[in-house]
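Novice: Quick one: the structure is below, questions incoming.
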Amino acid sequence: MAPRSTRQSTIRRKGALQTPAKDTKDEKGVKDDKAVLPAAPAADVPAADPHDGRATDNIEVELPPASENSAAPAASADSAAPVPVQSDTKSDSSVAEGRASGRSGRRSTRRSSQRSGPISARRQLTPEQQAARKAAIRTGALIVGGAFLALVLVFVAVKLLGGRNPRLVLAEAVLHDSQEKLDQIRRGIDTGNPDQARERYLTALKALAGCKELGNAVQTPNREQVVDLKLALRAYELRVEIEKLDPEITKASNIQRVQTNFEALTGRLAKLSVMPDADLDKLDKDLQAFCENPVEIGGARNDQALADFKDKITETKRFVGKVADERARRLAKVTTDQVTEATSLVYPLVQLEKYQEAEAVIDERARKFPQADFAALRDYVVKAAEKAWETVEKRIANYRSDYTAAGSSNSVRAAARQAAIERLDAVIATWGKESFITKAKDLKAQFGP
């Protein structure tokens, strides 16, 4: 058996990790340049007996390369080769100390590898990744800024408008104002103030029709424009209520105007006996016109107004009789008995529009009683015929307007033509004066055969 001093032991271990080089000193204080590896476990390498005569100075340990799955970094070329480890007659405590130092080094290397790996991966970003990260940061900043601005605007809107939709506020205001206008219209009708009622009527309808938020107050509103469908339907109902009051406003206005016209005529009648002949003729003319249209004296015939104010018309016709009596009285005052008698015969003929017969009576009396002055009576007949013809011309002009109007219906045209022909036929048949008959025939020809 070879001596211990010359025997060498080679121990091969698998999976060992390389540890950082560590300065060690021998018992004499000399620094050893070689790395000290932990000694093999007792089970694999028997501890050297200090009393055994074998030498343990040269023990060589060969470490296999680390596996691919190992977390430790690859060993260098020097550490991959078998590392001779010098050993002297150290005690077992030195071996144990080396083992502990190796385990501590391996743990430190593993922790260092685990920490450095992800950090290095995070720091190594490509230029495209860096640009994408900057763009994401800018986008996020814009989103946050926009959200903040929106919050500020909402806050301002809440402060200024009380948090309510301004279109809804406008719609409610128009609806409320129109309701008040409706109440004012009714009060105007009841209190005899039709002008105010008409003004409120027009204002309310204009406001409702011009409010898009309420769908312009139509029966089928545009749902994209209205701010609230219930309010829009209520606006339409309110408009219908207001429009229904139009006939009542018109009637109230007519009542007021008729009363004004009637009071003016009665005031003039109070001065009938002292009225000049020209004023008497004007009064007689206005009374006749009132009986044709009490709402607008001198206007076209208003059958509806005649039906609504028939009591006023009846009373006005009595006023016409008073004017005729006053004329007769004045004629009697300036003539002789013959003139008075002739006047009693002429007056009824004038009322029947038999002007030619009236002039014949005067001519006969003048021949029988040349001493009597019938000039005033004759003048009365002539003026009565001229005034009557003026009235006929105005009435025929109204009929002709209805007959020729583009918008007149066939029934209106037929009625106007018939009324005009009847009136002109009466002139031709009863007046007897050739000048008026010729004019009546010319007017009649304008309404066709």
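The values are calculated or read from the model by the stated rules, or taken from the named source; none is laboratory data. None of these values were measured; they are calculated from a predicted model. Cβ atoms come from the backbone with ideal geometry, glycine included; neighbour counts cover every protein chain shown.
Novice: Go through (1) within 52 Å of the chain's Cα centre (by Cα); (2) among the β-branched types (Val, Ile, Thr); (3) farther than 30 Å from ALA416 by Cβ for VAL274 and report which single condition fails.
Specialist: Exception for VAL274: condition (1).
Novice: Let me ask something additional. Here is a list: ILE255, ILE249. Which entry is in contact with a helix residue (DSSP H, G or I) (Cβ under 9 Å, 6 or more places away or on another chain), touching a residue at least 40 places away in the same chain (Cβ under 8 Å), buried (at least 18 other Cβ atoms within 10 Å of the Cβ) and part of a helix (DSSP H, G or I)?
Specialist: It is ILE249.
Novice: Looking at segment 207-234, which of the residues that are touching a Lys or Arg at 6+ places or on another chain (Cβ under 6 Å) and part of a helix (DSSP H, G or I) is nearest to PRO166 (Cα to Cα)?
Specialist: GLU213
Novice: Going residue by residue through segment 162-169, is there one that turns out to be among the hydrophobic types (A, V, I, L, M, F, W, C), assigned to a helix (DSSP H, G or I), farther than 30 Å from THR260 by Cβ and modelled with pLDDT of 80 or more?
Specialist: Taking every residue of segment 162-169 in turn, at least one turns out to be among the hydrophobic types (A, V, I, L, M, F, W, C), assigned to a helix (DSSP H, G or I), farther than 30 Å from THR260 by Cβ and modelled with pLDDT of 80 or more.
Novice: Looking for whichever is over 18 Å from GLU390 (Cα atoms) and within 55 Å of the chain's Cα centre (by Cα) here; the options are GLN288, GLN304. Which one fits?
Specialist: Only one candidate passes the filter, namely GLN304.
Novice: Right, something else. Kindly indicate whether any position in segment 296-308 is touching a Gly at 6+ places or on another chain (Cβ under 6 Å) and aliphatic (A, V, I, L, M).
Specialist: No, there is no match, as no residue in segment 296-308 is touching a Gly at 6+ places or on another chain (Cβ under 6 Å) and aliphatic (A, V, I, L, M).
Novice: Tell me, please, whether a residue that is acidic (Asp, Glu), farther than 17 Å from ALA328 by Cα and crowded, with 17+ Cβ neighbours inside 10 Å can be found in segment 364-385.
Specialist: no
Novice: Say whether the condition of being over 26 Å from LEU182 (Cα atoms), outside the structural domain of VAL412 (by TED's automatic domain parsing), touching a residue at least 24 places away in the same chain (Cβ under 8 Å) and of a type outside the set (A, V, I, L, M) is met by at least one residue in segment 304-318.
Specialist: No, segment 304-318 contains no residue that is over 26 Å from LEU182 (Cα atoms), outside the structural domain of VAL412 (by TED's automatic domain parsing), touching a residue at least 24 places away in the same chain (Cβ under 8 Å) and of a type outside the set (A, V, I, L, M).
Novice: On the basis of being crowded, with 17+ Cβ neighbours inside 10 Å and more than 23 Å from ASP325 (Cα to Cα), does ARG417 make the cut?
Specialist: So ARG417 passes the test.
Novice: I'd like to check which helices (runs of 4 or more DSSP H) are fully inside segment 287-393 and have at least 3 residues that are of a type in the set (Asp, Glu).
Specialist: Once the helices (runs of 4 or more DSSP H) in segment 287-393 are filtered for at least 3 residues that are of a type in the set (Asp, Glu), what remains is 310-334, 355-368.
Novice: Also: Read through the list (1) in contact with a helix residue (DSSP H, G or I) (Cβ under 8 Å, 6 or more places away or on another chain); (2) in the same structural domain as LYS317 (by TED's automatic domain parsing); (3) surrounded by 15 or more Cβ atoms within 10 Å (Cβ to Cβ), then give the number of the only condition that LEU265 fails.
Specialist: So LEU265 meets the others, but not (2).
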